[in-house]
Amino acid sequence: MPEGMLGSLAKAFALSWSHYVTLLTIDQPDERRFYEIEAAANHWSVRELERQIASSLYERLALSRDKDEIRRLAQEGQVVERAADLIKNPLVLEFLGLEEKPSYSETELESAIIDRLEQFLLELGKGFLFESRQRRFTFDNDHFYVDLVFYNRLLRCYVLIDLKRDKLTHQDLGQMQMYVNYFDRHVKLPDELPTVGIVLCRRKNDALVELTLPENANIYAAKYQLYLPSKQELKLELEKIQRELGGGEGCA
């Protein structure tokens with residue numbers, strides 16, 4: 001076979017045969033194309049590809065996007081250009097190996113994440129680097145601690161994560177606003193983008209988040225769960241949102 005043809009085939013089929021066998025289990029073309037792009041771009045193993053499919057990554061990203069952005073997922077994969085592009089709902093932490101029960105403290109959850117930091121970084125998504133745990137800062141002789149501090153090299157900004165064991169409150173959002181303000185004023189460099197704050201909780205009220213935060217806030221509330229989501233339920237929810245947006249194309 002001519003060398004040029006081999007090069008063309010290599011570009012057309014960037015993954016292994018086992019990857020494509022896994023991809024062929026996905027019926028919906030847009031979803032299948034998304035996973036093919038992401039697996040090649042992020043050098044996913046077959047096992048990681050299977051995990052991302054099982055965790056419904058495509059649906060979880062699509063649920064926070066408008067119709068054009070959903071279409072873009074199938075054409076380009078996950079593109080990280082703004083803080084909102086980092087958010088998944090829910091964040092799936094089944095790899096922590098924790099039983100689904102309400103008795104875990106925030107410290108226990110944080111310790112489990114640190115023990116499996118590599119998997120947590122994969123779940124967070126593209127461009128994340130871990131910086132510190134329980135980052136302390138002080139003013140007026142009071143000490144404050146940010147649960148987890150990351151840096152996203154694609155957006156060139158700090159990403160702060162605060163863990164909440166149960167229901168999100170407006171006080172939690174206010175606390176994160178303070179953390180973000182501190183990093184923006186005292187930590188980030190002038191050429192870096194504003195700090196992003198993410199509050200991870202088991203339950204949240206979207207109306208409360210919208211009412212509490214100003215429109216231009218760089219703060220997000222995202223749910224986490226300790227088990228794989230129901231793919232069918234997420235698909236139905238995505239279909240509903242697409243109908244509300246004015247069209248149901250591109251969804252199984």
Number of positions in the range 14-35 that are in contact (Cβ under 8 Å) with a residue 40 or more places away in the chain, of a type outside the set (D, E, K, R) and either under 16 Å from Arg51 (Cβ atoms) or in contact with a Leu (Cβ under 6 Å, 6 or more places away or on another chain) (or both): 1
Residues located in the range 1-17, provided they are modelled with pLDDT of 90 or more and either surrounded by 13 or more Cβ atoms within 10 Å (Cβ to Cβ) or not in a helix (DSSP H, G or I) (or both): Leu15, Ser16
Test: residue in the range 198-209 that is free of Cβ contacts under 8 Å to residues at least 40 places away in the same chain, farther than 25 Å from Tyr104 by Cβ, touching a Phe, Trp or Tyr at 6+ places or on another chain (Cβ under 8 Å) and part of a helix (DSSP H, G or I): no
Odd one out for Leu213 among (1) within 24 Å of Arg72 (Cβ to Cβ); (2) in contact with a strand residue (DSSP E or B) (Cβ under 7 Å, 6 or more places away or on another chain); (3) hydrophobic (A, V, I, L, M, F, W, C): (1)
Flag if Tyr158 is at pLDDT 95 or above, buried (at least 16 other Cβ atoms within 10 Å of the Cβ) and part of a helix (DSSP H, G or I): no
Close pairs from the range 44-55: first of a type in the set (Ser, Thr, Tyr), partner surrounded by fewer than 19 Cβ atoms within 10 Å (Cβ to Cβ), Cβ under 6 Å, at least 6 apart: Ser55/Leu228
Among (1) of a type in the set (A, V, I, L, M, F, W, C); (2) at pLDDT below 90; (3) out of contact with any Asp or Glu (no Cβ under 8 Å at 6 or more places or on another chain) - the single one Leu63 does not satisfy: (3)
Output for the range 125-155, where each listed residue is farther than 18 Å from Phe183 by Cα and either among the small types (Gly, Ala, Ser) or buried (at least 20 other Cβ atoms within 10 Å of the Cβ) (or both): Gly125, Gly127
Residue in the range 78-89 that is farther than 24 Å from Lys204 by Cβ, of a type in the set (A, V, I, L, M) and surrounded by 13 or more Cβ atoms within 10 Å (Cβ to Cβ) present: yes
Qualifying positions in the range 24-47 - within 18 Å of the chain's Cα centre (by Cα) and surrounded by fewer than 15 Cβ atoms within 10 Å (Cβ to Cβ): Ala41, His43
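So, Gln75, is that one within 30 Å of Pro29 (Cα to Cα) and either in the same structural domain as Phe34 (by TED's automatic domain parsing) or of a type in the set (A, V, I, L, M) (or both) or not? Walk me through how you get there before you give the answer.
On the way: within 30 Å of Pro29 (Cα to Cα): yes; either in the same structural domain as Phe34 (by TED's automatic domain parsing) or of a type in the set (A, V, I, L, M) (or both): yes.
Considered against the rule, which asks whether it is within 30 Å of Pro29 (Cα to Cα) and either in the same structural domain as Phe34 (by TED's automatic domain parsing) or of a type in the set (A, V, I, L, M) (or both), Gln75 comes out as yes.
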Selected residue (only one of Val92, Val21 is under 19 Å from the mean Cα position of the chain (by Cα), among the β-branched types (Val, Ile, Thr) and at pLDDT 85 or above): Val92
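Residue by residue, here is whether (1) over 12 Å from the mean Cα position of the chain (by Cα); (2) under 21 Å from Lys167 (Cα atoms); (3) among the charged types (D, E, K, R) holds:
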{"position": "Arg65", "(1), (2), (3)": "yes, no, yes"}
{"position": "Arg71", "(1), (2), (3)": "yes, no, yes"}
{"position": "Gln78", "(1), (2), (3)": "no, no, no"}
{"position": "Glu81", "(1), (2), (3)": "yes, no, yes"}
{"position": "Leu86", "(1), (2), (3)": "no, no, no"}
{"position": "Glu106", "(1), (2), (3)": "yes, yes, yes"}
{"position": "Leu117", "(1), (2), (3)": "yes, no, no"}
{"position": "Glu123", "(1), (2), (3)": "no, no, yes"}
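The values are calculated or read from the model by the stated rules, or taken from the named source; none is laboratory data. In this text the structure is predicted, and so the values were computed from the model without any measurement. With ideal geometry, Cβ positions are generated from the backbone for all residues, glycine too; neighbour counts draw on all protein chains shown.
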